[in-house]
Structures are given as structure tokens and as C-alpha cells.
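Please read the structure below before turning to the comments.
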Amino acid sequence: MSMRRQIAPELDLVILAFPMHFTWEFLQAPLFRSMQEVSHIDGIRICLQATLGDMAITFLAYWSVSILAGTRQWVAEPSKFCIAAWLMSGIAITIIMEFYSTEIAGRWTYGATMWSCPHFSGHSSGCGLSCDELAGRAHFQP
């Protein structure tokens with residue numbers, strides 16, 4: 001009898017997604033106007049806070065698919081449907097949160113080199129995604 005111990009899928013997500021999100025936040029930091037004038041330690045804190053927000057999005061998307069799939073173990077043998085649902089829910093949550101944070105709450109501003117999505121508001125607003133150009137709707141904001 002095997003005494004193989006199984007860890008929660010959420011722990012796998014933390015182990016895999018946290019370093020990826022943290023690295024991404026540092027790489028895209030120069031694209032934010034509000035990051036250009038902060039101290040190094042404040043920049044690290046801001047990136048950590050953004051990473052925690054990214055992790056919340058990751059978990060919300062994961063749990064959404066878990067509800068649809070009827071199990072939290074869907075990641076062990078993911079179907080094309082589950083992968084698509086996970087990506088689409090994560091992208092939707094990201095776009096909604098970026099729109100709210102930039103257009104309504106004014107929590108941060110984008111620099112001139114940030115990709116923007118003009119289709120989500122009357123003017124170009126950021127959507128916080130690096131792969132928007134794949135949808136053919138993003139443009140480079142001069």
C-alpha cells in the first residue's frame with residue numbers, strides 16, 4: 001500500500017504562480033508612470049502587493065473552474081474546456097480589475113509605453129495584460 005501524500009492543488013498554484021507573478025511585476029514596473037518616482041524598497045512593496053493581487057486572480061479563476069468541473073483536482077488531468085475556462089476567467093477578472101483601478105479608483109497610471117485596449121472605454125485604457133496583441137485589438141499608445 002502506497003502512503004503517497006497529496007498536497008492541495010492551491011499549494012501547487014502558489015509554488016508555481018507566485019514566482020512567475022512576482023517576476024512579471026518587476027519586469028512591467030517601468031511601464032507604469034506611478035513607479036518611476038518611488039524608492040527601491042517602495043517599488044518592491046508595490047510589486048509584492050501587485051503579486052498578491054495577481055495570486056487572488058489566479059485563485060478566483062481556479063476556483064471558478066473547480067465549480068464548473070465539480071472538483072478541485074481538475075488540474076491533475078485538465079481538459080481543453082477547463083484550461084480555456086481558467087484562462088478566460090483570469091483574463092476577464094484582470095481586465096475588470098485594471099479598468100476599475102485605472103479608470104474609476106485611480107490607483108495607478110500607465111506610462112506612455114504601456115499597451116492599451118481602446119475598446120473598453122471611450123479612450124485608451126490599460127488592461128494589464130501582456131498578450132492583448134494576440135486578440136488583435138491592442139495598440140501601442142504613443
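The values are calculated or read from the model by the stated rules, or taken from the named source; none is laboratory data. Source: prediction; values computed, not measured. We place every Cβ from the backbone using ideal geometry, glycine too, and count neighbours over all the protein chains shown. Side chains included, ligands, DNA and RNA excluded: accessible areas come from the protein's heavy atoms. Shrake-Rupley method; radii C 1.70, N 1.55, O 1.52, S 1.80 Å.
Determine whether the range 11-23 contains at least one residue that is surrounded by fewer than 18 Cβ atoms within 10 Å (Cβ to Cβ), assigned to a loop (DSSP other than H, G, I, E, B), without any contact (Cβ under 8 Å) to a residue 12 or more places away in the chain and not basic (Lys, Arg).
Checked against the condition, which is being surrounded by fewer than 18 Cβ atoms within 10 Å (Cβ to Cβ), assigned to a loop (DSSP other than H, G, I, E, B), without any contact (Cβ under 8 Å) to a residue 12 or more places away in the chain and not basic (Lys, Arg), the range 11-23 yields no hits at all.
Out of all the residues in the range 39-46, is one or more part of a loop (DSSP other than H, G, I, E, B) and either closer than 23 Å to GLN6 by Cα or open to solvent by 30 Å² or more (accessible area, probe 1.4 Å) (or both)?
Of all residues in the range 39-46, those part of a loop (DSSP other than H, G, I, E, B) come to 39.
Of the ones still in play, those that are also either closer than 23 Å to GLN6 by Cα or open to solvent by 30 Å² or more (accessible area, probe 1.4 Å) (or both) are 39.
Yes, some residue in the range 39-46 is part of a loop (DSSP other than H, G, I, E, B) and either closer than 23 Å to GLN6 by Cα or open to solvent by 30 Å² or more (accessible area, probe 1.4 Å) (or both).
Just for the range 24-38: of the residues that are outside any helix (DSSP H, G or I) and in contact (Cβ under 8 Å) with a residue 60 or more places away in the chain, which one is farthest from TRP74 (Cα to Cα)?
So in the range 24-38, the residues outside any helix (DSSP H, G or I) come out as 32, 36-38.
Next, only the ones that are in contact (Cβ under 8 Å) with a residue 60 or more places away in the chain stay: 32, 36.
Working: PHE32: 36, GLN36: 41 Å.
Step by step, filter the range 24-38, then rank; the result is GLN36.
Does ARG72 satisfy being free of Cβ contacts under 8 Å to residues at least 12 places away in the same chain and more than 21 Å from ILE95 (Cα to Cα)?
On the way: free of Cβ contacts under 8 Å to residues at least 12 places away in the same chain: no; more than 21 Å from ILE95 (Cα to Cα): yes.
No; evaluated as a whole, the condition is false for this residue.
Of the conditions (1) out of contact with any Ser or Thr (no Cβ under 6 Å at 6 or more places or on another chain); (2) modelled with pLDDT under 95, ARG33 satisfies every one except a single condition; which number is it?
Unmet for ARG33, out of (1) out of contact with any Ser or Thr (no Cβ under 6 Å at 6 or more places or on another chain); (2) modelled with pLDDT under 95: (1).
Would you please name the residue that is farthest from the chain's Cα centre (by Cα), looking only at residues in the range 57-78 that are open to solvent by 30 Å² or more (accessible area, probe 1.4 Å), of a type in the set (Gly, Ala, Ser) and modelled with pLDDT of 95 or more?
The residue in question is GLY70.
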